[in-house]
Amino acid sequence: MNTVWTGLAGTDYSIRHVPVGPWSTRVLESGSGTPLILMHGTGGHLEAFTKNVPALAAEYRVIAYDYPGHGWTTTAGADLEIDDYIDHLIGLMDTLGVQRAHLSGESLGGWVAVKFAARYPDRVGRLVLNTPGGTMATPEVMERIRALSQAAADDPSQERVRTRLEWLMADPGSVTDELVTIRREIYSRPGFAESMRHILCLQDPEIRRRNLVTDDELAAVTAPTLVIWTSDDPSGPAKAGLDMAERIPSGEFRLIEDAGHWPQWEQQKQFDQIVLEFLGRPA
């Protein structure tokens with residue numbers, strides 16, 4: 001897959017696959033300095049942060065990657081729960097020689113990042129949780145995610161893929177043809193429809209319940225943490241993010257207006273500014 005993203009024009013970056021256990025993991029790297037790992041959402045891929053890489057890579061060694069079963073990483077043949085993503089992340093960091101990194105996780109990425117930070121506090125500098133999952137189990141939202149995602153994977157038509165992406169946004173017009181094209185390419189991979197079924201196990205109420213972020217885990221996060229929510233997030237109200245920030249000892253909360261589940265995409269400049277200010281504070 002050799003799509004050249006408009007958002008990366010003029011930015012030096014590399015994309016390669018690295019072995020992490022059984023997963024041939026697609027990784028994008030750009031910039032130098034303190035590592036900053038970008039973590040996408042359910043059914044997503046590293047291109048969710050394409051718009052952000054140039055600004056973030058001017059200050060940090062940006063690492064974005066596709067999870068197991070996602071993007072162009074090896075497809076999944078069994079259900080993937082949060083521990084699988086945590087184990088993969090620690091393996092990826094070890095493979096890349098990254099002892100300690102800032103983590104910026106969106107949706108599922110935030111869910112994995114906060115549990116990772118509670119388990120491996122010495123491996124995390126600062127933590128950005130961007131419309132994070134992991135504290136809610138709303139049946140209608142879970143069913144909507146499951147139905148839209150599986151439909152797009154089963155039949156990766158332009159219409160179904162666009163419908164899934166538009167659900168994420170406050171403004172459906174922010175879904176570009178380029179974004180639809182790259183997701184259609186990924187979802188058309190052999191075996192991806194089955195992989196999506198294993199990805200979506202976290203939308204099953206029983207499985208989700210045993211993977212939820214606990215108050216003890218939030219209390220165990222020692223990293224300074226920024227929780228970002230939005231005015232139009234379809235996954236839940238801003239109070240969910242505010243409650244999470246209040247339960248993390250060094251947590252704080254920011255609201256971004258006129259954005260849905262992808263503020264890093266819809267309000268890119270504001271998102272980058274907020275994140276760079278937070279990460280750049282003195283230790």
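The values are calculated or read from the model by the stated rules, or taken from the named source; none is laboratory data. Not measured: the values here are computed from a predicted model. Cβ placement follows ideal geometry from the backbone for every residue including glycine, while neighbour counts extend to all protein chains displayed.
Details
- Residue within the stretch 39-49 that is in a helix (DSSP H, G or I), more than 23 Å from N211 (Cα to Cα) and among the aromatic types (F, W, Y) present: yes
- Tally, over the stretch 131-166, of residues that are modelled with pLDDT under 95, over 22 Å from Y85 (Cβ atoms) and in a loop (DSSP other than H, G, I, E, B): 0
- The set of residues from the stretch 235-259 being within 17 Å of V175 (Cα to Cα) and surrounded by fewer than 24 Cβ atoms within 10 Å (Cβ to Cβ) comprises just one member, D258.
- Restricting the first member to the stretch 158-185 and to residues that are over 18 Å from W5 (Cβ atoms) and in contact (Cβ under 8 Å) with a residue 12 or more places away in the chain, and the second to residues that are among the hydroxyl-bearing types (S, T, Y) and assigned to a helix (DSSP H, G or I), the beta-carbon pairs closer than 7 Å and six or more apart or on different chains are R164/S149.
- Among the candidates V114, V98, residue that is under 15 Å from I37 (Cβ atoms), part of a helix (DSSP H, G or I) and in contact (Cβ under 8 Å) with a residue 12 or more places away in the chain: V114
- Considering (1) closer than 15 Å to M196 by Cβ; (2) crowded, with 16+ Cβ neighbours inside 10 Å, the lone condition that A147 does not fulfil carries the number (2).
- Condition check for G173 on (1) buried (at least 18 other Cβ atoms within 10 Å of the Cβ); (2) over 23 Å from A64 (Cα atoms); (3) over 18 Å from the mean Cα position of the chain (by Cα): one failure, at (1).
- Qualifying positions in the stretch 209-255 - assigned to a helix (DSSP H, G or I), more than 17 Å from G105 (Cα to Cα) and charged (D, E, K, R): R209, R210, D215, D216, K239, D243, E246, R247
- L226 vs. criteria touching a helix residue (DSSP H, G or I) at 6+ places or on another chain (Cβ under 6 Å) and closer than 12 Å to N130 by Cα: yes
- Neighbours by Cβ (under 6 Å, 6+ apart or cross-chain): first from the stretch 55-73, in contact (Cβ under 8 Å) with a residue 24 or more places away in the chain; second of a type in the set (V, I, T) and outside any loop (DSSP other than H, G, I, E, B): L56/V62; V62/V53; I63/I37; Y65/T25; Y65/V27; G69/I199; G71/I186; T73/T25
- The lone exception for G97 - which of (1) on the phi > 0 side of the Ramachandran plot; (2) surrounded by 16 or more Cβ atoms within 10 Å (Cβ to Cβ) it fails: (2)
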